[in-house]
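Below you'll find the structure, written out as structure tokens, and then a few comments.
The values are calculated or read from the model by the stated rules, or taken from the named source; none is laboratory data. The structure presented is a predicted model; accordingly, all values stated were derived computationally and were not measured. Using ideal geometry, Cβ is built from the backbone for each residue, glycine included, and neighbour counts are taken over all protein chains shown. These area figures cover heavy atoms from the full protein model, side chains too; ligands, DNA and RNA do not enter into them. Shrake-Rupley method; radii C 1.70, N 1.55, O 1.52, S 1.80 Å.
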Amino acid sequence: MANEIWTIKRCLEWTKEYLAERGEEHPRLSAEWLLCAATGLARIDLYMRMDETLNAAQLETMHAAVVRRAKGEPLQYITGSTQFRMIDVTCAPGVLIPRPETEMLVEEVLNYLDAEVLSPEAAARQRVELPWNDEVEQARKAEAALADERATAERRAANLTAADEAALGSDVLGSRAYAEELADREAEEAAAQAAEAEVAEAAESELDEYGIAIEGADQETASAQDAASPAPAEPRIARVLEVGCGTGCISLSLAWERRGHVTCTATDIEPRAIDLATKNRDALGLTSDEVAFSLTNLVSSIPREEWGTFDVLVSNPPYIPTDVMRSLPHEVKDFEPDLALEGGADGLDIFRRLLNAAPYMLRVGGLFACELYEGALDAAAELCRQAGLSDVRIVHDLTDRPRIVRAIVTEPKQRQ
């Protein structure tokens, strides 16, 4: 075989037929995945370079991969990676392979964070009462009063004697004197309004967006105003706690898609999972401040001072009922870790422990969200209600099966 000429096209066709004979459900797709991993090419490149010849190393890699796949080993373990939402995730035996349903769990968490945590809060800005406001108003009134007095004096001198005024009394409507008085009054009011506008414009040029003086004012006054005005709120950073992180795909996606706005603390009881998740974090260029992984049982490693500070507790826990485990597909049952799959008689053993922890870990209004076995969602939702959580919802996956339960913690707890 090594001396034969194996082009990409020939290898693709041979692998497809070989896997189909051994019961592969999607033999061509599997062949493409394996060839991409062996050659380092994208799927589209395979079809652009069908006549290229595989070298000896590529043929050896391909041969070993086909043998593993024919035995039922998952493609993700053979190729060493999978895509999850917007990131590539390294996969390895001993750690659960990310599923498309879990992408929806991430979507639920992001929707909650965007609506309840990360959206800008309306800042009620109150106008600051400036020290010269009263002075401006008093000056305006004094100027208007002086203008009235001057207009009255000029009108009387030009048109009316004291006797005329006495004779006219209050019945001056329609008289020439009244018409002139009205015209004078309108002119004076227009002049006063123009002067007031100039004063206001000058004052506005000395204010910042909060109405605080920044120029032309006494330094002490400016400092006092700065001290009295509330400082702009710091951007809100959401805190997420993930239990049972596996490859880290949930926490890494949250931190990657809302970088700078979300930090995650993720735990797992499996050392291989923590090692793999850390490698995936490093490959993305995320830091331990953005996503911190901890080897522990559920929430045991969370410091007491962090209890009640998380906005979200999210998990894709082991949830396959014990009886259902026996009917799982060969490539799942015989290759993926039971520890990450089996959830007890009803699939809710770990879920109950998480539900018990949620009121201690989450703040008021925090989100508790779990992916679960489709036949257990109604029972899980009822357990949430019995535990005092509110806004309990069941979310369906892309095949319209119930898949996620989410609820809100309204009464956080504190342990003595």
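Only residues that are over 43 Å from the mean Cα position of the chain (by Cα) and among the acidic types (Asp, Glu) were counted in region 7-34, giving 3.
Do the conditions hold for ALA64, that is, is it free of Cβ contacts under 8 Å to residues at least 24 places away in the same chain and either assigned to a helix (DSSP H, G or I) or buried (at least 16 other Cβ atoms within 10 Å of the Cβ) (or both)? When the stated conditions are applied, ALA64 passes them. Whether a residue is touching a helix residue (DSSP H, G or I) at 6+ places or on another chain (Cβ under 7 Å) and on the phi > 0 side of the Ramachandran plot was assessed, and GLY72 passes this test. In the set MET361, MET325, only one residue is touching a strand residue (DSSP E or B) at 6+ places or on another chain (Cβ under 7 Å), among the hydrophobic types (A, V, I, L, M, F, W, C), free of Cβ contacts under 8 Å to residues at least 40 places away in the same chain and surrounded by 15 or more Cβ atoms within 10 Å (Cβ to Cβ); that residue is MET325. Is it the case that some residue within region 341-357 is among the polar types (S, T, N, Q) and either farther than 24 Å from ALA92 by Cα or touching a Ser or Thr at 6+ places or on another chain (Cβ under 9 Å) (or both)? Within region 341-357 (the criterion being among the polar types (S, T, N, Q) and either farther than 24 Å from ALA92 by Cα or touching a Ser or Thr at 6+ places or on another chain (Cβ under 9 Å) (or both)), the answer is yes, since at least one residue qualifies. Of all the numbered requirements in (1) within 19 Å of the chain's Cα centre (by Cα); (2) surrounded by fewer than 20 Cβ atoms within 10 Å (Cβ to Cβ), PHE84 misses one, and that requirement is (2). Could you list, in sequence order, the residues of region 261-291 that are open to solvent by less than 20 Å² (accessible area, probe 1.4 Å), of a type in the set (Ser, Thr, Tyr) and either in a loop (DSSP other than H, G, I, E, B) or more than 15 Å from VAL243 (Cβ to Cβ) (or both)? Hits for region 261-291: nothing passes. The residues in region 8-38 that are open to solvent by 30 Å² or more (accessible area, probe 1.4 Å) and among the β-branched types (Val, Ile, Thr) can be counted, and the count is 0.
Restricting SER315, SER294, SER301 to residues that are open to solvent by less than 10 Å² (accessible area, probe 1.4 Å) and touching a strand residue (DSSP E or B) at 6+ places or on another chain (Cβ under 7 Å) narrows the list to SER315.
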